[in-house]
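Encoded as structure tokens, the structure appears first; notes follow it.
The values are calculated or read from the model by the stated rules, or taken from the named source; none is laboratory data. What you see is a predicted model; the values in this text were computed from it and never measured. Cβ coordinates were reconstructed from backbone atoms using ideal geometry, including for glycine residues, and neighbour counts include every protein chain displayed. Heads up: the accessible areas ignore ligands, DNA and RNA and are worked out on the full protein's heavy atoms, side chains in. Shrake-Rupley method; radii C 1.70, N 1.55, O 1.52, S 1.80 Å.
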Amino acid sequence: DLQQVRYRNGIYRNPSLPPLMMKKIIIMLSLALALTACGAADSSVADDPDVMIETSAFEAAEPVIYSGSGYSIEIPDTWKKSDVQQEGIDCALQPAYPHNDTEAATLLIFQVNEGTGGSSVAEIGALLEEQYNSMADYTVADSGACTAGSCDGYFVTIKREAEGMTLCTKHIVTVDDSCLYSIILTAAEEQFDSAQSEAQAIIDSFTID
């Protein structure tokens, strides 16, 4: 096995990886770690079936084409820009009308504009999965090839325990000739399937400009 050295924030650095590619993985994981640490809101209200969430308290976004850093997506009126924007994240979304199945869901999109070093999306995805597998607090639940709109992608679904709840994160990565893009959906485990279903239209609309 190749020697691995512990890097900052619990991430492992494999000395055999090209420095540029390792930098990309570290940037992606640092953002993903921030998301999984605080991306799921307090679900105590959402988990209580006797509590009715007033949809009037949330302003639904109009269906729009959002142009991000080198990409565009379609945001349906069931999603809106998140109340909390995170540094380094180009687009942060949350359900516009959260209910018991999606109260804690967040969808983040960001670009790493460092070039891809000639690596394919499958190679980058495999490196991402390797890094998640090396982290003690994370369990890789699923992974493999996927699509984001018309773009080939690779996804890694992970689970971790946080404050008495299990968080699930689906991290999708796709690339073009010069940039790497991440789409990250996080929700509490019991809400993840519903959140994923509701976010799929946004993922399907992803287009690299």
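Which shape class applies to the range 115-209: rounded if a/c is under 1.5, otherwise prolate when a/b exceeds b/c and oblate if not, where a ≥ b ≥ c are the square roots of the Cα gyration tensor eigenvalues? Since a/c reaches 1.5 but b/c is at least a/b, the shape of the range 115-209 is classed as oblate. Among residues other than Thr139 with Cβ under 13 Å from its Cβ, the summed charge is -3 (Lys and Arg +1, Asp and Glu -1).
In a simple Cβ point-charge model (Lys, Arg +1; Asp, Glu -1; nothing else charged), the range 166-209 has a dipole of about 100 debye relative to its Cα centre.
Per residue, the average separation of C-alpha pairs within less than 8 Å and at least 6 apart gives the range 105-202 a relative contact order of 33 percent. Judged by the mean number of other Cβ atoms found within 10 Å, the most tightly packed of the peptides 125-133, 65-73 leads the ranking 125-133, 65-73. How large is ³J(HN,Hα), in whole Hz, for each residue of the range 199-209 in order, when computed from phi with the Karplus curve 6.51 cos²θ - 1.76 cosθ + 1.60 and θ = phi - 60°, using x for Gly and Pro? Karplus-based 3J(HN,Hα) across the range 199-209 equals 8, 4, 4, 5, 4, 5, 8, 4, 9, 7, 6 Hz. Label separation (Glu87 vs Ser178): 2.6 nm, computed from points 7 Å beyond Cα along the C-beta direction.
Counting protein heavy atoms only, the range 155-209 has 43 percent of its accessible area on carbon and sulfur, 1.4 angstrom probe. Each Lys and Arg contributes +1 and each Asp and Glu -1, all at the Cβ; summed about the Cα centre of the range 121-195, the dipole is approximately 60 debye. Taking amide hydrogens as placed 1.01 Å from N in the peptide plane, the amide H of Thr157 sits under 5 Å from those of Ala141, Asp142, Ser143, His171, each at least 5 positions away in sequence or on another chain.
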